[in-house]
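Everything below concerns the one structure shown next.
The values are calculated or read from the model by the stated rules, or taken from the named source; none is laboratory data. None of these values were measured; they are calculated from a predicted model. Cβ sites come from the backbone with ideal geometry, for glycine too, and all protein chains shown count toward neighbours.
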Amino acid sequence: MSGDVLLTRDGAIATVTLSAPERRNALNVFMWQKLGEVLFELESDGSVRCVVLRGDGDEAFAAGADISEFETERSSAEQARAYAAKTHGTLRALQGLRHPVIAMISGVCVGGGLELAACCDIRISGESGRFGIPVKRLGLVVAIDEMQPLIEIVGKAAALEILLEGRVFGADEALEKRLINRVVPDFDLEPATYASARRIAEGAPLTARWHKKFVNRLMDPAPLSEDERDESYDCFATEDFQIGFKAFLAKKNPEFEGR
């Protein structure tokens, strides 16, 4: 089966590469499942401080799902539900990963590819980035679970525009819609992305994980419990807090331990 999901490491920074360049990194079922397995591995690895999700090559981040599989994997509502059970688990694992995740977007980022990017914490695009969810041309509906991260990022009006018009638009418009965090020249995409990853990795990892957890929790309108509010102060009991403020007073760079 063609296509793979590759995991590489450079110190505390992990890179996950969607690799099916012959079809612009469109994900087949195997790749969706493999991505879920890789995310499970990263979730349990406390040495990771930042994850970069990217496509293989410069032409695409991911061109959505592999449409050639639709006849065998999504030709009925029953099949579509079984397919969603596999893909939605991976999307939830990406959105819920405790480590910060940066999407490095080069070229095409549409359909399921855009849904993956929407589950990341930061999205950096090259000028060649192309975005959209043109499923109206296939007679498909974006499942509710897949739609929620998009709405949280761009809001109701922009989400409806993206879904109803089905246009594929450029990086500047994606930035205007707040779909991405920043646009950089194509030649600077990789350096800019890994510079961002290093800035994250240099910080206290427990702090980054708490910030991600708290921001995601505050997207839920349910009232906070007292235990949830109290968790904001758990950082003061960590070794990293002692390392951090003492290094600041000593005018030194902190070397955090993640404890």
*asked:* residue 77 - would you say it is modelled with pLDDT under 85 and either within 23 Å of the chain's Cα centre (by Cα) or of a type in the set (Ser, Thr, Tyr) (or both)?
replied: no
*asked:* Would you confirm whether or not region 121-134 contains a residue that is farther than 18 Å from residue 196 by Cβ and among the basic types (Lys, Arg)?
replied: yes
*asked:* So for region 215-230 (the condition being surrounded by 14 or more Cβ atoms within 10 Å (Cβ to Cβ) and in contact (Cβ under 8 Å) with a residue 12 or more places away in the chain), does at least one residue qualify?
replied: no
*asked:* For the condition surrounded by fewer than 24 Cβ atoms within 10 Å (Cβ to Cβ), of a type in the set (A, V, I, L, M, F, W, C) and at negative phi, what is the one hit in 103, 80, 65?
replied: 80
*If we scan region 159-179, do we find a residue that is under 28 Å from residue 85 (Cβ atoms), assigned by TED's automatic domain parsing to the domain that holds residue 61 and within 17 Å of the chain's Cα centre (by Cα)?*
yes
*What about residue 208, is it small (Gly, Ala, Ser), surrounded by fewer than 23 Cβ atoms within 10 Å (Cβ to Cβ), assigned to a helix (DSSP H, G or I) and not assigned by TED's automatic domain parsing to the domain that holds residue 9?*
yes
*Taking the condition outside the structural domain of residue 120 (by TED's automatic domain parsing) and not β-branched (Val, Ile, Thr), does residue 245 pass?*
yes
*Please find, among 125, 44, the residue that is of a type outside the set (Val, Ile, Thr) and surrounded by fewer than 16 Cβ atoms within 10 Å (Cβ to Cβ).*
44
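Can you give me the ranges of the strands (runs of 3 or more DSSP E) entirely in region 62-171 with at least 3 residues that are of a type in the set (A, V, I, L, M, F, W, C) and touching a strand residue (DSSP E or B) at 6+ places or on another chain (Cβ under 9 Å)? Even if it seems obvious, please write down each step before you answer.
Details: elements: 101-105, 108-110, 122-126, 130-132.
Of the strands (runs of 3 or more DSSP E) lying wholly inside region 62-171, those with at least 3 residues that are of a type in the set (A, V, I, L, M, F, W, C) and touching a strand residue (DSSP E or B) at 6+ places or on another chain (Cβ under 9 Å) span 101-105, 108-110.
Among the residues of region 93-102, write down those that are of a type outside the set (Gly, Ala, Ser) and either within 15 Å of residue 27 (Cα to Cα) or under 10 Å from the mean Cα position of the chain (by Cα) (or both).
The answer is 94, 95, 97, 100, 101, 102.
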*Taking the condition of a type in the set (D, E, K, R), in contact with a Gly (Cβ under 9 Å, 6 or more places away or on another chain), surrounded by 17 or more Cβ atoms within 10 Å (Cβ to Cβ) and assigned by TED's automatic domain parsing to the domain that holds residue 27, does residue 130 pass?*
yes
*Give me the pairs, please: first residue somewhere in region 77-101 and in the same structural domain as residue 219 (by TED's automatic domain parsing), second residue anywhere and at pLDDT 85 or above and assigned to a helix (DSSP H, G or I), beta-carbon distance under 8 Å, and either six or more positions apart or on two chains.*
none
*Does at least one position in region 42-50 carry a residue that is on the phi < 0 side of the Ramachandran plot and in a helix (DSSP H, G or I)?*
yes
*Evaluate region 120-139: report whether one residue or more is of a type in the set (S, T, N, Q) and within 22 Å of residue 17 (Cβ to Cβ).*
yes
